[in-house]
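Peer 1: Handing you a structure now.
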């Protein structure tokens with residue numbers, strides 16, 4: 001469904017991605033792990049159309065995404081929850097969600113989408129007329145996920161959804177992702193919380209220094225010595 | 001737009017003049033409010049364009065000037081009432097704004113945000129010069145104003161006299177600002193414009209065609225300028241060289257109000273109008289321009305995001 005082949009990206013002279021090849025199949029949950037500065041956000045930016053790759057191919061259902069503006073990529077069914085949420089903080093929850101269904105295709109089904117989002121996050125229904133800025137971090141993250149879902153995506157991409165959120169709410173967000181996935185939406189997840197990501201994901205890629213250095217299914221990577229040492233900390237190795 | 005008044009707080013004033021002085025002061029406040037409404041309208045367009053496109057259109061005053069001459073032409077050639085002329089000037093300005101965006105400012109917004117302001121200044125000053133030259137060619141450099149049969153009408157309230165035509169202009173200016181506010185609050189694309197102003201990258205990721213939001217914001221901003229120009233031409237006077245002065249006035253109001261609230265911009269416009277009128281009354285006509293600049297500096301120092309800014 002989503003295929004990246006040999007993607008290079010750079011900011012000016014600084015190479016960020018080198019020869020990245022990966023794929024996300026229909027209905028899959030794929031995690032992208034790696035240290036800070038590995039190029040994870042840049043990779044998502046390339047797929048979403050915010051970053052123009054230097055070389056390589058990015059195909060979605062056989063079609064090249066590289067020439068498309070980000071709003072047209074959303075229209076084709078790829079929605080992104082950006083790092084730091086990037087909500088329209090001075091607007092209400094309802095306005096944010098409504099804007100999520102801005103593309104013509106999503107607009108046609110926005111009533112059903114809104115019901116789905118409220119079923120997934122009932123607290124948002126109660127707070128739908130509240131200004132987003134007044135919500136807690138976790139609730140804001142729910143709005144961010146909800147806004148992306150309003151686009152009726154077939155692939156949902158998330159950049160660090162658990163960053164800066166209370167632990168019990170991280171659980172709620174991850175549970176919501178599992179439920180979204182059960183409804184048939186593929187998920188591509190960049191996450192710092194490696195243990196949580198690997199428990200949720202069917203497969204994962206490891207990105208270091210702009211290159212894919214490892215790949216495998218979630219439970220296998222959880223047992224992998226390098227992953228344990230690098231991402232789960234010394235305690236995990238001794239476990 | 002200049003109303004001259006003798007200083008009323010001079011040393012020669014004696015106690016028996018107090019009542020007259022109060023009336024004079026109140027009269028100045030009224031005139032200040034009437035002019036300030038137009039400042040607010042002029043500033044709203046500049047604020048919208050600056051807030052959404054992150055582009056400072058220094059030719060905004062020239063767009064106001066064109067709106068004024070648009071109404072003047074309709075009046076002089078076709079005998080249109082200047083208020084009725086708004087029905088043509090507003091859509092005409094909307095179209096002009098769209099053309100200017102596609103032809104000029106659309107290229108500016110492609111640049112990185114830090115470069116945008118610089119480039120927009122160059123493009124804006126170029127446009128301002130061109131429009132000024134065009135206006136001199138078409139309408140000569142003379143001051144013009146539209147004189148209707150009801151131009152001299154005055155509403156007398158107590159000892160205050162309120163020029164009816166300026167009162168009508170203030171009401172229309174407020175109605176336009178209220179309409180703009182509703183447009184941005186309720187309309188689908190209005191919300192998209194606000195979202196783009198707040199975070200254009202997030203807007204793109206939400207599926208909003210940000211370029212179109214820019215186009216709409218610029219066209220609406222130009223339409224507001226055109227409407228402001230028409231109202232200036234009927235209550236005051238217009239000339240090809242009025243642009244810079246109006247750009248400055250609008251900029252002062254935008255800085256005072258901050259970005260993000262159109263109603264706040266209108267209130268700030270009223271405030272600047274009154275402040276100018278009072279300072280002219282206190283220190284004499286030449287000082288009215290100074291007070292705006294003082295407000296500008298004081299606000300920048302004390303509250304850089306403005307009174308109503310986010």
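The values are calculated or read from the model by the stated rules, or taken from the named source; none is laboratory data. Since this is a predicted model, take the numbers as computed values, not measurements. Here the Cβ positions follow ideal geometry from the backbone for every residue, glycine too, while neighbour counts run over all protein chains shown.
Peer 1: Just give me the residues in the range A:34-67 being closer than 18 Å to residue A:154 by Cα and surrounded by fewer than 17 Cβ atoms within 10 Å (Cβ to Cβ), in sequence order.
Peer 2: Hits for the range A:34-67 are A:59, A:61, A:62, A:63, A:64.
Peer 1: Now for a different question. Can you find, within the range A:203-223, the residue that is surrounded by the most Cβ atoms within 10 Å (Cβ to Cβ) among those that are over 15 Å from residue A:4 (Cα atoms) and touching a helix residue (DSSP H, G or I) at 6+ places or on another chain (Cβ under 6 Å)?
Peer 2: A:221
Peer 1: Which of the residues belonging to the range B:111-146 are part of a loop (DSSP other than H, G, I, E, B), loosely packed, with under 13 Cβ neighbours inside 10 Å and at pLDDT 90 or above?
Peer 2: If the condition is that a residue be part of a loop (DSSP other than H, G, I, E, B), loosely packed, with under 13 Cβ neighbours inside 10 Å and at pLDDT 90 or above, then B:140, B:141, B:142, B:143 are the ones that fit.
Peer 1: In addition: With A:17, A:32 as the choices, which residue is away from every other protein chain (no Cβ under 14 Å), under 13 Å from the mean Cα position of the chain (by Cα) and not in a helix (DSSP H, G or I)?
Peer 2: A:32
Peer 1: Tell me whether the range B:171-180 contains one or more residues that are touching a residue at least 60 places away in the same chain (Cβ under 8 Å), part of a helix (DSSP H, G or I), within 14 Å of chain A (Cβ to nearest Cβ) and under 23 Å from the mean Cα position of the chain (by Cα).
Peer 2: The answer is no, given that none of the residues of the range B:171-180 is touching a residue at least 60 places away in the same chain (Cβ under 8 Å), part of a helix (DSSP H, G or I), within 14 Å of chain A (Cβ to nearest Cβ) and under 23 Å from the mean Cα position of the chain (by Cα).
Peer 1: Give the residues of the range A:17-56 that are touching a residue at least 24 places away in the same chain (Cβ under 8 Å), under 21 Å from residue A:69 (Cβ atoms) and in contact with a helix residue (DSSP H, G or I) (Cβ under 7 Å, 6 or more places away or on another chain), sorted by residue number.
Peer 2: Selection gives A:17, A:48, A:49, A:51, A:53.
Peer 1: What single numbered condition from (1) within 14 Å of chain B (Cβ to nearest Cβ); (2) surrounded by 23 or more Cβ atoms within 10 Å (Cβ to Cβ); (3) assigned to a loop (DSSP other than H, G, I, E, B) fails to hold for residue A:83?
Peer 2: Every listed condition holds for residue A:83 apart from (2).
Peer 1: Restricting to the range B:288-310, and then to whatever is assigned to a loop (DSSP other than H, G, I, E, B) and surrounded by fewer than 16 Cβ atoms within 10 Å (Cβ to Cβ), can you tell me which residue is nearest to the other protein chains (Cβ to nearest Cβ)?
Peer 2: Result: B:310.
Peer 1: Related question: Of all the residues that make up the range A:102-136, how many are more than 26 Å from residue B:261 (Cβ to Cβ), within 14 Å of another protein chain (Cβ to nearest Cβ), in contact with a helix residue (DSSP H, G or I) (Cβ under 9 Å, 6 or more places away or on another chain) and not in a helix (DSSP H, G or I)?
Peer 2: 1
Peer 1: Which members of the range A:208-223 meet the condition of being touching a strand residue (DSSP E or B) at 6+ places or on another chain (Cβ under 6 Å), over 21 Å from residue A:182 (Cα atoms) and part of a strand (DSSP E or B)?
Peer 2: Within the range A:208-223, A:211, A:212, A:213, A:214, A:215 qualify.
Peer 1: Being within 9 Å of chain B (Cβ to nearest Cβ) and surrounded by fewer than 23 Cβ atoms within 10 Å (Cβ to Cβ) is the filter here; which residues of the range A:86-97 pass it?
Peer 2: A:86, A:89, A:90, A:91, A:95, listed by residue number.
Peer 1: Quick one: in the range A:151-166, which of the residues that are on the phi > 0 side of the Ramachandran plot and buried (at least 19 other Cβ atoms within 10 Å of the Cβ) is modelled with the highest pLDDT?
Peer 2: Within the range A:151-166, the first condition is being on the phi > 0 side of the Ramachandran plot, and the residues that meet it are A:152, A:160, A:164.
When the remaining residues are screened for being buried (at least 19 other Cβ atoms within 10 Å of the Cβ), the result is A:152, A:160.
Values: A:152: 95, A:160: 92.
So, considering only residues that are on the phi > 0 side of the Ramachandran plot and buried (at least 19 other Cβ atoms within 10 Å of the Cβ), the one modelled with the highest pLDDT is A:152.
Peer 1: Also, I was wondering about something else. Take residue B:192 and tell me if it is within 13 Å of another protein chain (Cβ to nearest Cβ) and more than 21 Å from residue B:65 (Cβ to Cβ). Spell out the reasoning first.
Peer 2: On the way: within 13 Å of another protein chain (Cβ to nearest Cβ): yes; more than 21 Å from residue B:65 (Cβ to Cβ): yes.
Yes, satisfied.
Peer 1: Could you list, in sequence order, the residues of the range B:178-229 that are buried (at least 24 other Cβ atoms within 10 Å of the Cβ) and closer than 18 Å to residue B:86 by Cα?
Peer 2: Selection gives B:220, B:221, B:222, B:223, B:224, B:225, B:226, B:227, B:228, B:229.
Peer 1: Six or more apart or on different chains, Cβ under 6 Å: which pairs go from a residue in the range A:97-121 that's without any contact (Cβ under 8 Å) to a residue 60 or more places away in the chain to one that's assigned to a helix (DSSP H, G or I) and surrounded by fewer than 20 Cβ atoms within 10 Å (Cβ to Cβ)? Could you list them?
Peer 2: Close Cβ pairs satisfying both conditions: A:101/A:107; A:101/A:110; A:103/A:75; A:105/A:75; A:118/A:125.
Peer 1: Could you tell me which of the residues A:53, A:70 is within 13 Å of chain B (Cβ to nearest Cβ) and either at pLDDT 95 or above or over 18 Å from the mean Cα position of the chain (by Cα) (or both)? Spell out how you get there, then give the answer.
Peer 2: Values: A:53 fails: within 13 Å of chain B (Cβ to nearest Cβ).
After ruling out the rest, the residue left standing is A:70.
Peer 1: Also: Quick one: residue A:148 ticks every box in (1) in contact with a strand residue (DSSP E or B) (Cβ under 8 Å, 6 or more places away or on another chain); (2) closer than 28 Å to residue A:197 by Cβ; (3) in a loop (DSSP other than H, G, I, E, B) bar one, so which box is it?
Peer 2: (3)
Peer 1: Here is a follow-up. Here are some residues: B:167, B:160. Which one is closer than 30 Å to residue B:19 by Cβ, over 21 Å from the mean Cα position of the chain (by Cα) and surrounded by 12 or more Cβ atoms within 10 Å (Cβ to Cβ)?
Peer 2: So the residue among B:167, B:160 that is closer than 30 Å to residue B:19 by Cβ, over 21 Å from the mean Cα position of the chain (by Cα) and surrounded by 12 or more Cβ atoms within 10 Å (Cβ to Cβ) is B:160.
Peer 1: Here's something else I'd like to know. Among B:26, B:76, which is at pLDDT below 95, assigned to a helix (DSSP H, G or I) and farther than 30 Å from residue B:159 by Cβ?
Peer 2: None of the others qualify; the one that does is B:76.
Peer 1: Moving to a separate point now. Check B:61, B:36 and return the single one that is over 18 Å from residue B:131 (Cα atoms), within 11 Å of the chain's Cα centre (by Cα) and crowded, with 24+ Cβ neighbours inside 10 Å.
Peer 2: So the residue among B:61, B:36 that is over 18 Å from residue B:131 (Cα atoms), within 11 Å of the chain's Cα centre (by Cα) and crowded, with 24+ Cβ neighbours inside 10 Å is B:36.
Peer 1: Picking from A:169, A:189, which residue would you name as being touching a helix residue (DSSP H, G or I) at 6+ places or on another chain (Cβ under 9 Å) and buried (at least 21 other Cβ atoms within 10 Å of the Cβ)?
Peer 2: Working: A:169 fails: buried (at least 21 other Cβ atoms within 10 Å of the Cβ).
The match here is A:189.
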